[in-house]
Amino acid sequence: MELKRIVLGVTGGVAAYKAAELARLMVKDGLDVQVVMTEAARHFVGAATFQAITGHPVFTDLWDERVDNGMAHIDLTRGADAILVAPASADFLARLAQGSASDLLSTLCLARDCPLLLAPAMNRQMWEAPATRRNAAQLEADGVTLLGPDCGEQACGEVGFGRMLEPDDLLDSLAARFQPKRLTGLKVLVTAGPTFEPIDAVRGISNTSSGKMGYAVARAALEAGAEVTLVTGPTCLTPPRDARTLRVTSAQDMLSKVEEAADHHDIFISVAAVADYYVLNRSEQKIKKDAHILTLELAPNPDILANISSRPKPPFCVGFAAESENVEEYAELKRRRKHLPLIVANDVTEAVGADEVQLVLLDEAGKHVLEKADKHIQARRLIAHIAQLYNTRYQ
Ligand SMILES: Cc1cc2nc3c(=O)[nH]c(=O)nc-3n(C[C@H](O)[C@H](O)[C@H](O)COP(=O)(O)O)c2cc1C
């Protein structure tokens with residue numbers, strides 16, 4: 001099932017400010033988000049923020065007259081694919097566990113006909129209190145999904161369990177629950193980001209790859225039920241929580257990690273923008289400035305994808321071809337040269353660092369255009385295509 005419409009419940013906790021970022025990420029991911037806040041939540045963050053982010057008025061009051069038939073407690077969840085309450089306060093867990101319908105959000109949860117997910121957020125002692133433990137256990141027994149909480153530093157300065165999961169982790173967990181499990185039982189290896197080729201102790205050559213596409217592909221593979229290893233060059237991004245992440249710097253480092261891992265993986269998706277050259281006359285120490293012209297000697301780096309795809313028993317290999325001209329023609333040549341069942345062509349002048357891209361998939365059957373969309377959406381479409389090709393080939 002594909003997620004389309006979500007009711008985002010926000011209750012009164014300090015983490016309510018993070019719900020605004022969560023709403024923003026959801027909207028960016030293509031979801032239609034209807035926010036319902038408790039009275040207490042409005043002390044922490046303003047309804048106008050959510051209204052501006054989601055484009056929908058925010059509801060709080062059971063007696064709100066803006067809903068035509070006066071039945072907001074039922075109407076708001078009709079047609080919704082899920083309710084996610086983030087943050088969910090200790091008091092809200094208690095109300096839900098009791099089956100209370102004393103405010104709009106708890107009434108919506110009671111009257112729902114869709115899955116309910118809660119992201120608890122509270123002080124660690126509130127979370128560990130016997131009453132909260134009982135309420136959490138009761139809710140799980142009632143079929144409610146609890147996402148987190150996490151362990152870490154809390155707003156009150158204490159450290160322990162009770163911290164709300166970060167917005168991107170919440171969105172991942174939510175999306176994963178609703179994505180078709182096309183890759184269950186399979187292991188997927190993904191490379192992402194740029195590589196960095198040192199010139200001296202502090203300088204180096206890199207490129208403008210942000211890592212966004214590779215991280216999105218890793219996420220989409222996790223959502224599809226795969227076990228994922230992400231080999232990443234230096235990026236500013238947070239890797240998906242459930243991926244095994246190996247951080248590397250140079251192309252040579254990346255090759256070593258990929259070579260070690262490739263035998264144990266069913267699918268290899270090479271998204272990283274690996275530097276074509278490394279610096280041969282690299283200096284261990286920081287090079288001092290003087291009046292001379294400095295010449296860097298560049299030698300070709302190993303081709304990681306070709307190295308893996310030319311093995312006697314390669315995993316199912318997928319390449320990315322970032323080109324600035326003759327995009328599809330060059331990509332198809334690369335696909336044939338490296339014996340790849342699938343290559344993803346994109347125009348480097350549009351794709352690098354951007355959030356939205358158009359992708360062209362080239363395989364034995366020909367060309368499939370994935371019209372411009374956010375990289376997360378494209379990654380899911382790509383994973384669906386890979387799963388289909390993989391299953392046709394091996395099952
Ligand atoms: C400054 C402040 C911070 C609070 N932070 C939390 C919190 O992080 N988690 C929580 O469960 N309750 C927290 N509370 C208590 C809730 O706001 C309170 O239980 C409220 O009744 C919850 O209402 P609601 O569940 O309808 O939103 C806090 C209260 C105050 C005054």
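Results, tabulated for the structure shown:
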{"read-out": "Answer from ASN391, ASN301, ASN307 - the residue that is in contact with a Ser or Thr (Cβ under 9 Å, 6 or more places away or on another chain) and more than 21 Å from MET213 (Cα to Cα)", "value": "ASN301"}
{"read-out": "Matching helices (runs of 4 or more DSSP H) fully within the stretch 41-126 where at least 3 residues are at pLDDT 95 or above", "value": "47-54, 90-98, 104-110"}
{"read-out": "Any hit, the stretch 56-65, residues being of a type in the set (D, E, K, R), under 20 Å from MET26 (Cβ atoms) and away from the ligand (no atom under 16 Å from the Cβ)", "value": "no"}
{"read-out": "The stretch 99-145 - residue that is surrounded by fewer than 16 Cβ atoms within 10 Å (Cβ to Cβ) and of a type in the set (Ser, Thr, Tyr) and, of those, farthest from the ligand (Cβ to nearest atom)", "value": "SER100"}
{"read-out": "Tabulated pairs, the stretch 376-395, first assigned by TED's automatic domain parsing to the domain that holds CYS317, second of a type in the set (S, T, N, Q) and surrounded by 15 or more Cβ atoms within 10 Å (Cβ to Cβ), C-beta under 6 angstrom, 6+ apart or interchain", "value": "none"}
{"read-out": "Which listed residue, of VAL33, VAL27, is more than 10 Å from the ligand (Cβ to nearest atom), touching a residue at least 12 places away in the same chain (Cβ under 8 Å), part of a strand (DSSP E or B) and over 19 Å from ARG163 (Cα atoms)", "value": "VAL33"}
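The values are calculated or read from the model by the stated rules, or taken from the named source; none is laboratory data. Since this is a predicted model, take the numbers as computed values, not measurements. For neighbour counting, all protein chains shown are included, and Cβ atoms are generated from backbone atoms with ideal geometry for every residue, glycine included.
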